[in-house]
Amino acid sequence: MMIQMLKLEEQQSLGEACCTLSELVTKPNRSLTLDLIRREESVSSTHSQHCGKLTVHAEECFSSKSTADIILRCIDLESKDLFSKSDPFLVISKLVESGISIPVCKTEVLKNDHNPTWKPVFLNIQQVGSKDSPLVIECFNFISNGKHDLIGKVQKSLADLEKLHLGREGENLYLPTLVGHNYENKILNSKLLVEKFSETVQHTFLDYLAGGFELNFMVAIDFTASNGNPRLPDSLHYIDPSGRLNAYQKAIYEVGEVLQFYDADKRYPAWGFGARPIDGPVSHCFNLNGSSNYCEVQGIQGIMMAYTSALFNVSLAGPTLFGHVINRASVVACDSLSTGAKKYFALLIITDGVITDLQETKDALVKASDLPLSILIVGVGGADFKEMEILDADKGERLESTTGCIASRDIVQFVPFRDLQSKSSTRACLNMLVQFPK
């Protein structure tokens, strides 16, 4: 059957309408009726005609809420090292229609272990397609030069892995082996076992809205010296006399403009970190408005004014520590939870570079993962943000604290602002927002 594609430029426009996603999802039934408007064809004309109405309804894919918590182990792995046992790790990939496998998760490397049990991996059902979508699970021996040896592999879906767990059975690994001009699968004695398989539903940001929760927006701004002297044009904190926004102002404005629709009172806790207030020591969490008693400002404009004022009243210092502001936000969320208030908190952290308290930050995030709190980190400038990717934990392995506790969920979303600027910034922010909590 031939399907003819319509050429939009040859069609007659009946009208147009626009709205923000926040307007739509905050409606009780997630439906919004808009007036269709058709503008006059003349470029110079400002007249428009009302041409009817358009109703838009938002739905959320249920599979995006389901997450599989899996512990995998292997037994009797073959040795790939000459004088020691193998250093195995797993790579889990999904198969797409073209037959290409795309990695979605990787475990840690376990040294000198032929019977390894890896830390739990967490796979979102939507991330892999469905429970019946084929997955390739490959076991490699770690090599420092990056040319890892394949020990063996299996192809199973999440449904298959669940059956292996329930049946307490192992699956033999196989190794593609060249025989003549063709590859054949050599069945190995090594086995993959599923030590744990559980499926949970993670409530999303839209669930919280539907349940009557109010989103509360908070912001923390990096005032460390690595941003450059604010008085010089090459500084990320430079206030341009022409009114052009710097990187921090753009991030505050563009992200804040989206989030403010969800915050009823428009009063936002705002902090700075990594600076030395006048006549004081370096502070890793100070009130942006300069007050010693309260941290809130009114509206996005209030954040912008407090930020500009702080630049003239603090000295940029260091190091870059996230733990203090995350703990401060956690206290706010915890206090709200203890009073039974229906509030969910989103903390925006804007930073320019590498943090120096990575493990302390992990500890704070693991502790905060049980609270109604999500954190959006926006990286400005051209720094290497590898550690931000670690905190984001989008590759299946959740954060672990110093004491060995695992985060109950992933509450961090990271995006480099340079990437956010390469597309419609409003749409990018909204796409990140609907992942709260992930």
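The values are calculated or read from the model by the stated rules, or taken from the named source; none is laboratory data. Small disclaimer: the values here were computed from a predicted structure and weren't measured. No Cβ is skipped: glycine too gets one built from the backbone with ideal geometry, and neighbour counts run over all protein chains shown. Only protein heavy atoms, including side chains, enter the accessible area calculation; ligands, DNA and RNA are left aside. Shrake-Rupley method; radii C 1.70, N 1.55, O 1.52, S 1.80 Å.
For the chain, the per residue solvent-accessible surface stands at 52 Å², with DNA, RNA and ligands left out and a 1.4 Å probe. Determine the sum of side-chain charges near LEU321: Lys and Arg each +1, Asp and Glu each -1, restricted to other residues whose C-beta is under 9 angstrom from that of LEU321. With Lys, Arg at +1 and Asp, Glu at -1, the neighbours total -2. A simple count of charges around PHE286, restricted to other residues whose Cβ falls under 12 Å of its Cβ and scoring Lys, Arg +1 and Asp, Glu -1, yields +2. When the inverse distances between all different Cα atoms of the chain are averaged and flipped, the Kirkwood radius reads 25.0 angstrom. A Stokes-Einstein calculation at 25 °C with viscosity 0.890 mPa s, built on the Kirkwood radius of region 205-434 over Cα pairs, returns a diffusion coefficient of 138 µm²/s.
Just ILE71, ILE100, ILE125 to compare: in a GNM of the chain, with alpha carbon springs under 10 Å, which one fluctuates most? Maximum among the listed residues: ILE100.
In deg cm²/dmol, rounded to 500, what helix-only [θ] at 222 nm does the chain give when every DSSP H run of at least 4 residues adds -39500 (n - 2.57) and the total is split over its residues?
Values: 11 runs with 98 residues, N = 438.
So the helix-based figure for the chain works out to -6500 deg cm²/dmol.
Assuming charge only on the beta carbon of Lys and Arg (+1) and of Asp and Glu (-1), the dipole of the chain about its Cα centre is about 200 debye to the nearest 20.
If you take the C-alpha gyration tensor of region 287-413, multiply each eigenvalue by 5 and take the square root, what semi-axes do you get, largest first, in whole Å?
Working: eigenvalues 123, 83, 32 Å².
Working through the eigenvalues yields semi-axes of 25, 20, 13 Å.
Can you give me the % of accessible surface on the chain that is carbon or sulfur? Probe 1.4 Å, all protein chains present, nothing else counted.
Working: 11920 of 22900 Å².
Using a 1.4 Å probe with all protein chains present, the chain comes out at 52 percent carbon and sulfur.
Taking every DSSP beta bridge with both residues inside region 205-434, roughly what % is antiparallel (nearest 5)? Antiparallel bridges make up about 30 percent of those DSSP assigns within region 205-434.
For the chain, DSSP calls about 70 percent of its internal beta bridges antiparallel.
With Cα atoms as the point set, the radius of gyration and Dmax of region 332-403 evaluate to 13.6, 42 Å.
A straight chain from ASN313 to ARG418 at 0.36 nm per residue would run longer than the Cα-Cα distance by 35.0 nm.
Treating region 64-201 as a set of equal point scatterers at the Cα positions, no solvent, please give the Debye-formula log₁₀ I(q)/I(0) at q = 0.10, 0.17, 0.18 Å⁻¹. Taken in order of the listed q values, log10 I(q)/I(0) reads -0.33, -0.94, -1.05.
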